[in-house]
Structure formats: C-alpha cells, structure tokens
Number of protein chains: 2
Amino acid sequence: MITLYHYPLSPFCRKVRLSLAEKKLEVRLVDEPYWEKPAELMRRNPAGKVPVLKIDGAVMSESAAICEYLEETRPDPALMPKDPKERAEVRRMVAWFDDGFDREVTSKLVGERLNRKVFGQGYPDSKRVKAGAARRRYHLEYMSWLLDRRRWLAGDAMSLADFAGAAHLSCLDYISDVPWQDFPLVHDWYAKVKSRPAFRPLLADAIPGSPPPRHYADLDF
Amino acid sequence: MITLYHYPLSPFCRKVRLSLAEKKLEVRLVDEPYWEKPAELMRRNPAGKVPVLKIDGAVMSESAAICEYLEETRPDPALMPKDPKERAEVRRMVAWFDDGFDREVTSKLVGERLNRKVFGQGYPDSKRVKAGAARRRYHLEYMSWLLDRRRWLAGDAMSLADFAGAAHLSCLDYISDVPWQDFPLVHDWYAKVKSRPAFRPLLADAIPGSPPPRHYADLDF
C-alpha cells in the first residue's frame with residue numbers, strides 16, 4: 001500500500017496526489033500537521049515538510065523527486081514527454097510554479113489568508129497579502145501568454161507542468177483568490193485539468209472551520 | 001558552442017558548471033548581472049534568474065532542469081545512479097541544498113555579506129546574518145551524520161548531490177564562513193570534491209573588490 005503524508009492545501013502535495021491518481025495508483029492519505037514538526041515526520045523527512053511518500057519499501061520526500069520516481073517506475077500514462085528538450089521545458093515550468101509562483105503568490109495568499117488560521121499563527125500580514133495579489137496578475141498574464149501559443153503549459157501534451165500549475169491555482173481558488181473572468185485562457189485550461197477524474201479527490205477537500213466556496217468544486221465555474 | 005549565463009557566486013550556477021566540467025563539456029561563461037534584470041536575460045528566462053544555458057540550439061533555465069538534461073543527453077560520466085530509489089535520494093539531497101540550505105544559510109550569509117555589496121544594495125542585515133550562522137550548524141551536523149554512514153552525500157557513489165552541496169559550501173567558503181575544524185567529516189568530503197579537476201575553475205573565481213581568502217583555492221586547507 002502506498003501512503004502519502006500530506007496537508008490538503010499544500011500545492012506540492014496536490015501535485016503528487018494528481019500524479020498518483022492519473023497513474024491510477026491507490027494511496028492512503030494521512031493528514032500531517034507538519035507545522036508542529038511532529039517527531040515521526042522529522043524522522044521520515046528531516047526537512048520537516050510534506051509531501052512524504054511511503055512506496056515500494058522506501059520513504060521519499062521532496063515533491064520533484066517523488067514525481068520523477070513515479071515517472072521512472074510507473075511510466076504509463078506518461079506525465080513527461082520523451083524528448084529531452086521538451087522534458088527540460090516541463091521541469092522549468094514545474095520549478096516556475098513550485099519556486100517563483102509559490103514564493104511570490106501561493107505562500108503570500110494561501111499562506112497568510114488560510115494557513116495562518118489553520119496553523120494557529122494569528123492574523124494575516126496584510127502587506128504580504130497585497131504583494132501576493134499584485135504579483136498574481138503577472139503570473140496569470142504569463143500563463144495566458146503561454147496558453148495562447150501552446151495547448152498545455154509546457155507544450156502540446158498535458159504534463160506534470162499542468163499538474164504543478166493547477167495544484168497552485170486550486171489552492172488559490174479554495175480561498176476565491178483567482179480572478180478567472182480576467183484570464184479566459186487560464187480559466188479554460190484550468191477547467192480541462194479540473195474535469196479530469198484525477199482531480200476529483202482535491203475538489204472534495206475541506207479544511208475544518210474553513211470550507212471552500214461553492215464554485216471551488218463546480219466543474220462549470 | 002555551449003554558453004552559460006551565470007553569476008560566479010551563485011550556488012545554482014556552480015552546480016551546473018561542475019556538471020558541465022565533470023562531463024568534459026566546453027562552455028563559454030558569460031557574467032550576467034541578473035539582479036539588474038537585463039532585458040536580454042528576461043527574454044531568455046522570464047524568471048530573471050541565472051543559470052541560463054544555451055545548448056543544442058535551445059535556451060534552458062532552472063538548474064535542476066539543466067542538470068537533468070545534461071544527464072539525459074550526456075550520460076557519461078553519470079552523476080546520477082541507475083536505481084530509481086537511489087535517484088530519488090540524490091534528487092532529495094539536491095533539493096535539500098537548493099531549497100532549504102539556500103533559504104536558511106546561503107542566501108542569509110553570502111546573500112547579505114557579499115551579494116548586497118556586489119549588487120549595490122547597501123549594508124548586510126545583521127539579523128539575517130545571525131540567523132544564517134545559527135542554522136549553518138544544524139546543516140553541517142546533518143551532513144556529518146550522513147557522511148558517517150555513506151561515502152558520499154546521497155550514497156556510495158559521487159553524484160549531483162555532492163556537487164549541489166559543494167556548490168553551496170564553496171560560496172560560503174569564499175567569505176570564510178565555514179567552520180571546517182568543527183566538522184572534520186564535512187571537511188574531508190569537501191576536500192575530495194574540491195580536488196577534482198572539474199572544481200578548478202570555481203577556485204579561480206574572483207569578484208572584483210571582494211577577492212576570496214587565501215585558503216579558498218588551497219587544496220590543503
């Protein structure tokens with residue numbers, strides 16, 4: 001049995017959940033209050049972060065390493081192209097979301113407006129929320145620019161880049177923080193990813209005390 | 001011809017330079033003042049970061065994507081093991097340095113004590129320097145723990161994980177910020193990596209106005 005230690009509103013965990021589901025791998029989900037640095041988690045991953053995946057008798061961490069492992073050991077269906085240059089582009093876009101987008105947008109909006117409350121860390125820092133909202137526009141514009149030229153974010157086939165991007169946007173959407181109407185290309189792309197069976201479990205997520213808005217799980221949003 | 005746009009004291013660029021050199025690929029280095037966000041750089045990499053690599057008619061960014069590309073297209077000598085679980089461990093350790101170590105240590109010590117001056121951004125933030133120095137100890141202890149159990153950082157063969165770790169430590173060492181005497185296992189491991197021919201160009205780096213200390217290039221440090 002595969003076990004994933006996760007936090008529902010972590011975009012890194014969501015990317016891994018999407019990969020597992022797309023590859024039709026059954027997984028047992030265990031909620032991990034990683035912000036409390038539980039001893040068991042620190043033993044599994046000294047970095048104190050989720051996701052942590054128990055699979056094939058091993059314990060793995062770092063979402064990029066986990067997704068590459070799934071790709072190498074469960075290549076069908078593929079979430080990476082075969083051509084090395086196209087693979088580099090997928091990896092660049094995954095890093096785009098998990099590094100820059102996360103630091104500039106997700107951590108500032110979801111981190112301040114939702115996680116602080118869940119983690120019991122007080123009120124949002126309004127400066128950071130404001131900075132995140134400002135930077136969000138730039139990223140949505142860049143995504144629109146890409147989607148005007150490509151069928152999917154990193155090329156003409158759906159890939160891990162789309163899962164990474166959709167994982168971040170889904171966390172923002174959970175707190176109604178995506179101005180969909182201003183970015184129709186991003187909306188249509190997200191609708192395609194959102195309607196995949198692999199996405200369904202994410203749409204059923206609900207943080208106690210902070211339920212999602214109604215449109216969050218609606219495929220016709 | 002392969003061209004690398006880089007900043008000499010970027011650990012991410014250093015990791016790529018080590019990979020290129022270990023694979024005996026000739027590269028033209030171009031200094032890129034990325035902090036000024038030059039238009040040419042923003043065109044090559046909208047994230048505005050180095051390294052950027054021109055290779056095989058393509059332009060690539062994100063050091064992890066670049067190193068995976070080099071591994072896929074120039075597999076000899078290998079910097080990644082063949083076994084998927086061992087590869088996951090190498091990727092975990094690379095992320096350990098490029099994510100956590102960088103955020104907690106390198107960006108706080110090299111970022112404040114050297115880069116601020118080079119970038120013309122004023123005086124170091126002494127709070128951040130202090131936080132970085134405190135966290136450095138934890139990381140060197142973890143490296144010692146690993147090196148007590150393994151020949152190299154991610155297993156029994158040298159890998160990209162060692163280049164990632166040595167890239168960060170070499171930047172700290174450039175500003176005399178590694179207490180080598182307190183961590184003999186880390187010292188001996190670094191001496192092994194430092195003595196490789198691939199490391200030589202890094203030891204010849206000198207930032208105008210901020211030359212390295214004498215021991216920096218000394219193999220018997």
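The values are calculated or read from the model by the stated rules, or taken from the named source; none is laboratory data. Please read all numbers here as calculations on a predicted model, not as lab measurements. We place every Cβ from the backbone using ideal geometry, glycine too, and count neighbours over all the protein chains shown. These accessible areas exclude ligands, DNA and RNA; they are computed on the full protein's heavy atoms, side chains included. Shrake-Rupley method; radii C 1.70, N 1.55, O 1.52, S 1.80 Å.
Computed quantities for the displayed model
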| item | result |
| --- | --- |
| Anchor residue A:117: aspartates and glutamates whose Cα lies under 19 Å away (excluding residues fewer than 8 positions away in-chain) | A:31, A:32, A:36, A:102, A:125, A:173, A:177, A:205 |
| Considering only the protein assembly as shown, percent of DSSP beta bridges that pair antiparallel, nearest 5 | 65 |
| Whole-number percent relative contact order across chain A, with pairs defined as alpha carbons under 8 Å at least 6 apart | 21 |
| Probe 1.4 Å, protein heavy atoms only - accessible area per residue of the protein assembly as shown in square angstrom | 44 |
| Unit charges on C-beta of K, R, D, E only; dipole of the protein assembly as shown, Debye | 660 |
| Chain B - share of DSSP beta bridges that are antiparallel (%, nearest 5) | 65 |
| Inter-copy spacing of residue B:208 label points, which lie 7 Å from Cα along Cα→Cβ, given in nm from shortest upward | 6.1 |
| Phi-based couplings in Hz for the range A:81-94 (Karplus 6.51, -1.76, 1.60; Gly and Pro marked x) | x, 8, 5, x, 5, 5, 5, 4, 5, 4, 5, 4, 5, 4 |
| Neighbouring partner chain Cβ atoms per residue of A:91-101, average, 10 Å criterion | 5 |
| Total charge dipole magnitude, the range A:2-73, about the Cα centre, Cβ charges on Lys, Arg, Asp, Glu only, Debye to nearest 20 | 140 |
| Entries in A:130/B:15; A:37/B:130; B:23/B:194 that, when Cα-Cα distance is taken, lie over 25 Å | A:130/B:15 |
| Label point 7 Å beyond Cα along the C-beta direction, distances from residue A:126 to other copies (nm, shortest first) | 3.2 |
| Dipole moment magnitude, nearest 20 debye, the range B:90-221 about Cα centre, only Lys, Arg, Asp, Glu C-beta charged | 240 |
| Dipole of the protein assembly as shown, positive direction: furthest Cα of B:180, B:51, B:6, with charges on the beta-carbon | B:180 |
| Burial order of peptide ranges A:80-86, B:151-157 (average beta-carbon count within 10 Å, highest first) | B:151-157, A:80-86 |
| Label 7 Å beyond Cα on the Cβ vector: residue A:83 copy-to-copy distances, nm | 3.5 |
| Charge dipole (the range A:65-221, unit charges on Cβ, about Cα centre) - positive-most of A:195, A:109, A:126 | A:126 |
| Accessible area buried between chains A and B, both sides summed, probe 1.4 Å, in Å² to nearest 100 | 2000 |
| Highest average packing first - B:177-184, B:44-51, Cβ atoms within 10 Å | B:44-51, B:177-184 |
| For the axis carrying chain A to chain B: nearest C-beta residue of A, whole Å | A:64, 3 |
| Accessible area (Å², 1.4 Å probe, nearest 10) - residue B:176 | 70 |
| Percent carbon-and-sulfur accessible area, the range B:146-221, ignoring ligands, DNA and RNA, probe 1.4 Å | 52 |
